[in-house]
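I have placed the structure first, in the form of structure tokens, so that the comments after it can refer back to it.
Any read-out appearing in this document is the output of simple, stated calculations on the displayed coordinates, not a laboratory observation. Owing to the predicted nature of the structure, the values given are computational and were not obtained by experimental measurement. Please note: Cβ atoms are built from the backbone with ideal geometry, for glycine as well, and neighbour counts cover all protein chains shown.
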Amino acid sequence: MSSKLNNFDMVIFGATGDLAMRKLLPCLYQAHAAGLLHPEGRILGVSRSQFDTAQFLAKVETDSKIHVKQNLTEELWASFIARIQYLTVDVNTPANFEELAKAVKARTQTDNVVIYLSTAPKFFAPACENLANVGLNADNVRIVLEKPLGTDLASSQQINSDVAKFFKEEQIYRIDHYLGKESLQNLLPLRFGNVFFEQVWNKDFVKSVQITIAEKLGIEERGEFYDITGALRDMVQNHIMQMLCFVAMEQPKSLSADDVRDEKLKVVSSLKPMTSADVDKNVIRAQYTESGEQKGYLQEHNVPAESRTETYVAIRAEIDTPRWQGVPFYLRTGKRMAARSAEIVLNFKEQANNIFGTAPNRLVISLQPEETVSLKMYVKQVGSNTATEATEMVLDMGKVSDDRRAEAYELLLREVIDGKLALFNRRDELEKAWEWVMPILENWAVSPVAPHGYAASSWGPEAARELLARDGNLWLEEQN
Ligand code: NAP
């Protein structure tokens, strides 16, 4: 075992919850099984339930173990759960925090304490205050905040201010699991470590950029949550914004957390602000409608019949920087789409004086379901001197290395333990992103125009096709 691994105490609030059971504990197991956790690192699950450690471990056995995807053996599992203890802590009960502080401080070595708030954001303020009251906000403590961090700019500012009363910015780790995806991180070396990409990554060569997160699933049983959230808040303000930052940012001065985050902030700050008229013109909201066996959004459980919540959004955005002036960035996300995918597409401009008459090149960076980078190119047709045919040069990230590829949450948990902030959002970035989406939310709140419809399992509404057609562009699935 490497002596470089940092010892840690990880306190997980919401330890009995869905996220902890489905992601956090299985991902910690995977890091453990790969030998990437310090042997003495300890996990302290806390929540309201009156369990003792044995009862909690019984729940972990039934609810969490089934979600381990890699490297599960009984021996490793036994050594993993030996790290886990449980303590009942109600966020609103200060006395429980005395117990918590005792449990954490009982360790001989508590130089690296991570407190993961995997609970609803309304608990962040009381949790932080109670933690501070027992000294669990000292410099050796890091606090991890799960999304959603607010539902608009004001609520996001409120949460950030509440937490900032007790924790310094460099102690705060705001999770966006997209930042834990290898294929998103790969964009920086791809762009800045390869001479040929960086040269053409700008308005002189790129005609348009598309960013898509499409889900095949509908809202399932989450109608109550989804109807007050919608696609813009659920996906655009956070995940799509991160993808946009990585594709559009300038090269950071270094790979330090603040240099990277400074450049991301510049991208979000350079997004052209939208007036209400811009929203009418450049933003499409839609809901999936019944198709075949599949229900429409308005027929889903716990969705009001008159709901206007969008299950799909497409936005034509522009970034006002010398690199990107005039290049449309089309951002879209939807539920009940034709396929599951997360991808970034760079459509290049036509080449001047092209004696072969080939169509423009296209680069597709796929984050899911496959992790690939594919460049559409043209080559000579066999047997002809003049004819060409299109082909794809594909880099399959899964095959680049035999090394195990960690899930996003595992990677992020290890980054927190190591005190590395680069893959977490800084307050200013997050609030700028909210600032940019606010005119859309404000316009929709009063707009007399109902959302468009799109058939369940299709690629979205006709209006989104028209949004691109206006500029002479097509969504990826309609391109050759
Ligand atoms: P959940 O299943 O509803 O679990 C909530 C947890 O909070 C439970 O462990 C519950 O403990 C605990 N809790 C509730 N009231 C408490 C109190 N007063 N004091 C202490 N603990 C309390 O929620 P979740 O799905 O795990 O989500 C947790 C957070 O992560 C939410 O903010 C959610 O938006 C976010 N998130 C979840 C997912 C996901 O896939 N689930 C994905 C992204 C983000 P008891 O059971 O003991 O009452």
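Key figures for this structure:
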{"read-out": "Stretchable slack from residue 428 to residue 50, in nm (0.36 nm times residue separation minus alpha-carbon distance)", "value": "132.2 nm"}
{"read-out": "Of all DSSP beta bridges in the chain, antiparallel share, percent nearest 5", "value": "55"}
{"read-out": "Whole-Å distance, taken between Cα centres, linking the stretch 56-130 and the stretch 303-347", "value": "37"}
{"read-out": "The stretch 173-295, Cα convex hull volume normalised per residue, Å³", "value": "176"}
{"read-out": "Potential extension, residue 450-residue 61 segment - 0.36 nm per residue separation minus Cα distance", "value": "135.4 nm"}
{"read-out": "Cα-based reach from residue 4 at 20 Å (exclusive), listing lysines while leaving out same-chain residues under 8 positions away", "value": "420"}
{"read-out": "Partners for residue 335 among lysines (Cα-Cα distance below 24 Å; same-chain residues under 8 apart left out)", "value": "23, 147, 181, 216, 281, 295"}
{"read-out": "Principal axes of the chain: Cα extent on each, largest first, Å", "value": "75, 53, 45"}
{"read-out": "Ellipticity estimate at 222 nm from DSSP helix runs (n ≥ 4, -39,500 (n - 2.57)) divided over the chain, nearest 500", "value": "-9000 deg cm²/dmol"}
{"read-out": "Helix 124-133 axis, angle to the chain major axis (alpha carbon atoms, nearest 10°)", "value": "40"}
{"read-out": "Extension gain from residue 420 to residue 105, taking 0.36 nm per residue of separation minus the Cα-Cα distance", "value": "111.1 nm"}
{"read-out": "Projected area averaged over orientations for the stretch 357-452, convex hull of C-alpha atoms, nm²", "value": "12.7"}
{"read-out": "Degrees separating the helix 153-164 axis from the principal Cα axis of the chain, which is the longest one", "value": "30"}
{"read-out": "C-alpha long axis of helix 427-446 to longest principal axis of the chain, angle in °", "value": "60"}
{"read-out": "Over 21 Å [Cα-Cα, the stretch 276-425], rounded percent", "value": "70"}
{"read-out": "Loop-located trypsin sites (Lys or Arg not before Pro) in the stretch 253-306, at most 14 other Cβ atoms within 10 Å (DSSP)", "value": "253"}
{"read-out": "Total formal charge among the other residues, if their Cβ is under 11 angstrom from that of residue 172, Lys/Arg +1 and Asp/Glu -1", "value": "+3"}
